[in-house]
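Shown next, in structure tokens, is the structure this report addresses.
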Amino acid sequence: MAGPLDAVVWSIDRHDVITAVGGAWDEFARVNDAPWLSAHSAVGRSLFGFIDGEPTRRAYQRIFASARASGRTLRIPFRCDSPVVRRWMELAIVPFDDATVQFRTALLRSEKRDAVRLLDALESRSSLDASMCSFCLNVRTIAGWVDAEEASRRLQLDVAPRQPQIRHVICPDCSALLAECAADPGARP
Ligand SMILES: [Zn+2]
């Protein structure tokens with residue numbers, strides 16, 4: 001599916017510093033309620049400054065190392081929802097001989113839904129935490145990992161005065177998938 005979120009492209013040098021931002025980055029930042037992530041402000045900064053949560057940063061470090069070592073393009077599925085749209089996306093990580101890496105995102109499909117306040121960056125937050133997977137956006141509950149709508153229902157967040165703070169982690173399913181991807185880049189050509 002073509003759309004404004006297709007072909008968000010950015011590049012990092014061998015030290016993971018962002019050297020170029022193109023494509024629909026500004027649109028990508030806007031629909032994710034992150035207008036401060038403008039292309040202009042991103043260049044010259046470490047990519048890891050834009051990745052929230054230590055587990056997620058470690059996962060990306062392993063993936064970058066694997067891509068650079070193997071010279072193969074890695075493709076990582078991820079969700080990039082706004083409060084009112086579910087988006088299934090794919091991140092292609094393309095290494096070059098000089099250890100620079102280019103990233104391209106593609107929107108695979110999307111669906112509208114009723115607003116999920118948990119995902120609204122403008123909501124005020126309580127002192128409680130909700131653990132959310134950085135890749136699939138599922139939330140940890142006592143009933144296991146469920147999507148943001150189900151978690152909001154179970155935790156009655158739709159009627160809560162404030163939303164919990166989101167702590168970015170990696171769920172077991174995505175952790176296994178990322179490990180498989182980093183270990184055997186040929187498995188996901
Ligand atoms: Zn996940």
To the nearest 20 debye, what is the magnitude of the charge dipole of region 8-184 about its Cα centre, counting +1 on the Cβ of each Lys and Arg and -1 on the Cβ of each Asp and Glu? 100
Please state, to two decimals, what the Cα-based radius of gyration of region 45-109 comes to when divided by 2.2 N^0.38 Å (N = residues). 1.20
Label-point separation in nm, Arg125 to Ile142, each point 7 Å along Cα→Cβ: 2.4
Gap in Å between the Cα centre of region 128-189 and the Cα centre of region 60-97? 17
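Read the figures in this text as sums done on the coordinates, not as results from a lab. Because the structure is predicted, anything quoted here is derived from the model rather than measured. In this analysis, Cβ positions are derived from the backbone assuming ideal geometry, glycine residues included, and neighbour counts consider all displayed protein chains.
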